[in-house]
């Protein structure tokens, strides 16, 4: 990186602090004064400040991940938040502005507005492919702000949390969250390994008010289904994306379970003869995913899905994952979302689960 | 015209029969294999009012899934095509489409607002219908205020302005929408789909569709005169302003009703009227039935492809252009009749 980084005067004390911080930090990263070089998930070598205080999240998954690891560094949200979502976040985070997004579904943040927030770092969490890599390179070149990509696949969540902890100057916290995430995933893997293949359901992920949008099996938006050892019925080539499908195709797929993201869909299918011919609907196995403070299955595809995976395991494999989910929910909200749930709020949160 | 009047009298009848045959073929096609014999058996049993047997899966698919889509495709296609034919005559403009006065943009804005606030599907449809009517009402009001210029031109220009205002607001809503849950639904709405249409949707929208088409049918001779130019129409004693207002109301009503259940489907309202004109000539009393039949048949074919070719649905807005454009260019290259 060149001297274009020096757009912001740093005072001496901060420099000294940063230098001490840099000296104290362990790890593989090469250091040069108050800056160090890290390698991101795309293999890009990027020079970042050793002390990171202001982080611009490039997309909704990154917003959530940065909030989880280092909420005080988050400059704003890349996704619009409703009042009910804000109620389950820290007051400081709930007050943060919508900053728009640089990646993902249609970018909305202008580079000028990104620069205006004076970030130390731009972080993107998600799929690592040529498009996102070239975007990162381009934004970094244009703004002079280091831009890091970290792989956001669900099974890589522990690594993602540890990496972010390192970059954002919270290595301890990153490690702690990483271990907790690994424990949740290990518990799921162990439980699922005991379930014979013929008892694993075929699942349809219903999106949108009509339930006729879905996520194909290769999509990051549906990977929770395969992580749980179940089959996503929407297996087509090309296998990524979130297309529309016809109800007739769903009848053809004949899913055992429907995971739904939209309450309007769950309400609408009760009186619909065509939907009632789908085994999942006939057998009452349609489950509406909780959506607070972030979607439990998707929306956005980030750390929030860890808790969703355990919830979904409970509805897919009722016998094996029959223990009460509430202690885990309370613990997850406390550790990951920095929010202590009192019994009343926990109850309201879970109402949406038991209501269907 | 080389064809005799008597052969024209029965043309709509033959066309309607052909459309019926096409509908039967469409009913037999889909992701689930149902053989035509069963389609026929179920249809006959239902038509005879026999509901005693518990419906089989094939019967549910035919009656609750395919039939609403077939009916919706035919009526939406017919409505858009008829509205386009009316507008093209009304504005003496071959590039006029049903959305020239802002009805699609207004309907889209209504639907986007409904989706943004996560309203029930029926409310989204209602807002789309109301939005379409309101946009055209605003355009009409502007035209009524600006009197000193060519009224048809003022209408079209006001339509362009109102459409882009609606478009800008839609873009703003999309910026603020949730990118994972709301935005895909919005995008699919703008590309058009009949995947979620129910028989109930049809019974709600059908009165508006039928009313608009009946008005156009009753006034078909007058539109023919009007399409020759305002001066000619006045010379034979027609109240041009009144007539234009009535036709705009009728065309807007059918378009808004159609779009409210299908989302935006481009191309049909612009191009099918031209194909109809290649077949029937410029006389609106011949053009209207041909445009209705061709529009209905075209969208029926396109929607059948959309729902049966692949595992996933192909958005109608994409297919209408991909199927329609080459076909239209072919006709254009062959046709000698001008308009």
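Assorted remarks:
- Gain on full stretching of the segment that runs from residue A:112 to residue A:159 - 0.36 nm per residue minus C-alpha separation: 13.8 nm
- Antiparallel bridges, percent of DSSP beta bridges restricted to the protein assembly as shown (to nearest 5): 35
- Helix A:60-69 vs. chain A, principal-axis angle (Cα, 0 to 90°, nearest 10): 70
- Against chain A, whose longest principal axis is taken from its Cα atoms, helix A:130-143 shows a tilt of about 30°.
- On Cα atoms only, tilt of A:343-354 relative to the major axis of chain A in degrees: 50
- Per-residue Cβ neighbour rank within 10 angstrom, fewest leading, B:274, B:92: B:92, B:274
- Label-to-label distance, residue A:129 versus residue A:193, with points set 7 angstrom from Cα along the beta-carbon direction: 3.2 nm.
- Cα centroid of the range A:38-95 to Cα centroid of the range A:274-301, whole Å: 28
- Rounded, prolate or oblate (a/c below 1.5 giving rounded, otherwise prolate when a/b exceeds b/c) for the range A:119-239 by Cα gyration tensor: oblate
- Oblate is the label for chain B, because the ratio a/c of its alpha-carbon gyration tensor axes (a ≥ b ≥ c) is 1.5 or higher and a/b is not greater than b/c.
- Per-residue Cβ neighbour counts within 10 Å put B:330, B:129, B:91 in the sequence B:330, B:91, B:129, beginning with the fewest.
- Pair-distance distribution P(r) for the range B:236-339, from all Cα-Cα distances in 10 Å bins starting at 0: 13, 38, 33, 13, 2, 0 percent.
- Average projected area [Cα convex hull, the range A:63-116], square nanometres: 3.9
- Taking other C-beta atoms within 10 angstrom as a stand-in for reagent exposure, A:185, B:176, B:287, B:17 fall in the order B:17, B:176, A:185, B:287, fewest first.
- Whole-Å distance, taken between Cα centres, linking the range B:189-225 and the range B:270-307: 14
- Whole-percent pair-distance distribution, where bins are 5 Å wide, for the alpha carbons of the range A:195-354: 2, 9, 19, 23, 20, 15, 8, 4, 1, 0
- Three-way shape call for chain A based on the alpha-carbon gyration tensor, with the a/c threshold at 1.5: prolate
- Antiparallel content of DSSP bridges confined to chain A, in %, to 5: 35
- Based on the convex hull around the alpha carbon atoms, the protein assembly as shown presents an average projected area of 36.8 nm².
Only the coordinates and a few stated rules stand behind these numbers; no lab work does. Note that the structure is predicted; figures quoted are calculated from it, not measured. Neighbour counts run over all protein chains shown; Cβ positions are idealised from the backbone, glycine included.
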